[in-house]
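To keep things clear, I will list the structure first and then write my remarks on it.
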Amino acid sequence: MQKDPWPDRCGDIIVMGVSGCGKSTVGEALAARLNRRFVEGDALHPDANRRKMAAGTPLTDADRAPWLDRIREEMSRAEAPLVVACSALRRAYRDRLRGKGESAPRPVTFVHLTETRDVIAARIEGRQGHFMPVSLLDSQYATLEPLAPDERGCTVEVSSDPTATVQAVMSALERTVY
């Protein structure tokens, strides 16, 4: 008997973690590998959120709510599973993205990318034209709640080679859904 195609069992895949961990880079490459559409969660932030972060002010739960709802709507409207880059720092945010309490069109699987704070800070400092300053990194770590054992997903340490990171994500996802 042939194994069913495990990527389909993942449903929507949300690549999560603090700013600068590689969500967009890994998410885009993962989407290409799985032949899925990639959604950049940062592009769905309201302008007020971007201005607030650019000014060095951390977002509140109330600031994040409409943004998370926009991402959830994008996932709900999609006819096929997506790969989404979204920080998804708290369990409550992930529950909102999963549509907890609602009938979701497909499952949601989270991929939490991790790396040392120093490496991530250096990445943020090296970015050009991004609204997230390095001064907000500590607030993101303070907000971060790693995936709980009952949450569908995996944690992957980011490599300096994005191709190796994507391969590690693929292996971790396969273990997660089987």
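Could you sort the peptides 72-80, 105-113 by per-residue average Cβ neighbour count (10 Å cutoff), highest mean leading?
Those peptides, ordered most packed to least, come out 105-113, 72-80.
Could the peptides 82-95, 148-161 be put in order, highest first, of the mean number of other beta-carbon atoms found within 10 Å of their residues?
My ranking of the peptides, most packed first, is 82-95, 148-161.
What 222 nm value per residue comes from the helices of the chain, counting each DSSP H run with n ≥ 4 as -39,500 (n - 2.57) and dividing by all residues, nearest 500 deg cm²/dmol?
-14000 deg cm²/dmol
Between (i) 0.99; (ii) 1.09; (iii) 1.03, which matches Cα Rg over 2.2 N^0.38 Å calculated for the structure shown?
(i)
Using packing as a proxy for protection, rank 7-14, 54-61, 114-121 so that the peptide with the highest average count of other Cβ atoms within 10 Å comes first.
Packing proxy ranking, top to bottom: 7-14, 114-121, 54-61.
Can you send over the carbon and sulfur percentage of the accessible area for segment 1-58, probe radius 1.4 Å, protein chains only?
Roughly 50 percent of what the probe reaches on segment 1-58 is carbon or sulfur.
Given a 1.4 Å probe, how much area per residue of the chain is accessible, in Å²?
49 Å²
The values are calculated or read from the model by the stated rules, or taken from the named source; none is laboratory data. All of these numbers come straight from a predicted model, not from anything done at the bench. Please note: Cβ atoms are built from the backbone with ideal geometry, for glycine as well, and neighbour counts cover all protein chains shown. Side chains are part of the model used for accessible areas, which takes the heavy atoms of the whole protein and leaves out ligands, DNA and RNA. Shrake-Rupley method; radii C 1.70, N 1.55, O 1.52, S 1.80 Å.
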